[in-house]
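**Q** My questions will all concern the structure given below.
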Amino acid sequence: MCNLFDVDLKDIEAFAHSRKDCSEKEPFFEHSERTLKYYDCIFECFELIPILKRLLRSIDSELNMSKIQPLLRNIVKSHDVGKLTRNFQKRLDGSRVSETHSDKGFFVLTYNLLFLSRRKLITGKEFLFLLIMLYAVYKHHGNLN
């Protein structure tokens, strides 16, 4: 199975969110796990697996569901990786830093997909499909245009 990261998120000592008064912060690992639970729940509740399979087949019969589905889960789990920057962590502590995270997350995840593609762990078509899906990471706090 392909993974975007070979890292145990439990080892990352960073945060994903804080209250406006910075009194309480959500650990990055907990946020990632919670987001993944929502993803799994939505896929199950709305029976999206067969729909995703049909979508992939309609795009190209060579798109491999067994590779794409775990990578989509990886993308969702790590969609906020851009929050791991020093400046974003300062922002969560209350510093007046205008640091974004969606753009950085998009580029880190794109780099990792390129790495998988260069190592021939995913095909060019799988890379392109996943790159299109990554646009949601880039815009997950803005307009999808």
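The values are calculated or read from the model by the stated rules, or taken from the named source; none is laboratory data. Nothing here was measured: the structure is a model prediction, and the numbers come from that model. When we count neighbours, we look across all protein chains shown, and the Cβ atoms used for this are built from the backbone with ideal geometry, even at glycine. To get the accessible areas, we keep the full protein, side chains included, count just its heavy atoms, and leave off ligands, DNA and RNA. Shrake-Rupley method; radii C 1.70, N 1.55, O 1.52, S 1.80 Å.
**Q** I want to confirm something. Restricting to region 1-44 and keeping residues that are hydroxyl-bearing (Ser, Thr, Tyr) and not in a strand (DSSP E or B), which single residue is modelled with the lowest pLDDT? Can you show your working first?
**A** Taking region 1-44 as the starting set, the residues that turn out to be hydroxyl-bearing (Ser, Thr, Tyr) are 18, 23, 32, 35, 38-39.
Now drop any that are not not in a strand (DSSP E or B), which leaves 23, 32, 35, 38-39.
On the way: Ser23: 73, Ser32: 94, Thr35: 94, Tyr38: 96, Tyr39: 96.
My answer is Ser23.
**Q** Of all residues in region 96-145, which are without any contact (Cβ under 8 Å) to a residue 60 or more places away in the chain and of a type in the set (Val, Ile, Thr)? Give the derivation first.
**A** First, the residues of region 96-145 that are without any contact (Cβ under 8 Å) to a residue 60 or more places away in the chain: 96-108, 110-111, 114-115, 117-120, 124, 127-128, 131-132, 134-136, 138-139, 141-145.
The answer is Val97, Thr100, Val108, Thr110, Ile132.
**Q** Pairs only if they're at least six apart or on different chains, beta carbon under 8 angstrom, first in region 42-67 and farther than 16 Å from Ile122 by Cα and free of Cβ contacts under 8 Å to residues at least 60 places away in the same chain, second open to solvent by less than 90 Å² (accessible area, probe 1.4 Å) and assigned to a loop (DSSP other than H, G, I, E, B); list them, first residue then second.
**A** Arg57/Leu63
**Q** Give all pairs with beta carbons closer than 6 Å in which a residue from region 12-32 that is under 12 Å from Leu92 (Cα atoms) and without any contact (Cβ under 8 Å) to a residue 40 or more places away in the chain meets a residue that is open to solvent by less than 60 Å² (accessible area, probe 1.4 Å) and in a strand (DSSP E or B); count only pairs at least 6 apart in sequence or on separate chains.
**A** Glu26/Ala16
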